[in-house]
Amino acid sequence: MKYKHILVALELSPESNVLIDRAVFLAKLLDADVSFIHIDGTHGEIYSDLVDLKDDPEQRPLNIEAMEQLHGFAEYAECELNHFIIGTGDLGDKLKVAIAQNDFDLLICGHHHDFWSKIVSASRQVINSSPVDVLVVPIED
């Protein structure tokens with residue numbers, strides 16, 4: 001299968017650079033587009049809509065520090081992003097909406113190999129709810 005539009009699910013951590021590197025590599029290999037998504041589930045669903053920073057770069061759905069870190073990821077990517085989607089709430093639900101609205105066909109996410117990830121795993125939620133192929137990249141802690 002030839003992927004055309006890769007979506008990268010980012011955390012607010014430096015380990016997200018591993019996911020970005022993987023997406024950029026695959027995008028160059030496949031001549032695919034790249035987009036990012038970050039869903040903050042720590043405070044529930046503060047905003048019901050997803051915000052695309054590519055359409056409206058002045059939006060600040062998250063605090064200033066989080067927004068600065070997310071903008072840093074965009075700069076790190078060294079490729080043109082089609083979308084940079086930010087939201088709050090349930091990761092699985094928001095991913096389904098974003099994928100349906102934008103025709104993404106590959107989702108890249110990370111999975112930590114630590115004690116807590118064996119108990120509570122966001123990757124499992126992503127895999128169980130994604131309507132597209134998922135590439136799970138191991139993140140060593």
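I need the full set of residues from region 1-34 which are touching a His at 6+ places or on another chain (Cβ under 7 Å) and closer than 15 Å to residue 134 by Cβ, in order please.
10
To keep it simple, each residue is scored yes or no on (1) at positive phi; (2) part of a strand (DSSP E or B); (3) among the acidic types (Asp, Glu); (4) within 14 Å of the chain's Cα centre (by Cα).
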site: 20; (1), (2), (3), (4): no, no, no, yes
site: 24; (1), (2), (3), (4): no, no, no, yes
site: 29; (1), (2), (3), (4): no, no, no, no
site: 34; (1), (2), (3), (4): no, yes, no, yes
site: 56; (1), (2), (3), (4): no, no, yes, no
site: 62; (1), (2), (3), (4): no, no, no, no
site: 65; (1), (2), (3), (4): no, no, yes, no
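In region 6-49, what count of residues is obtained for those that are modelled with pLDDT under 95 and among the acidic types (Asp, Glu)?
5
Run residue 95 past the list (1) assigned to a helix (DSSP H, G or I); (2) modelled with pLDDT under 90 and report the number of the one that doesn't hold.
Result: residue 95 passes all but (2).
The values are calculated or read from the model by the stated rules, or taken from the named source; none is laboratory data. None of the values given here were measured: they were computed from a predicted structure. When we count neighbours, we look across all protein chains shown, and the Cβ atoms used for this are built from the backbone with ideal geometry, even at glycine.
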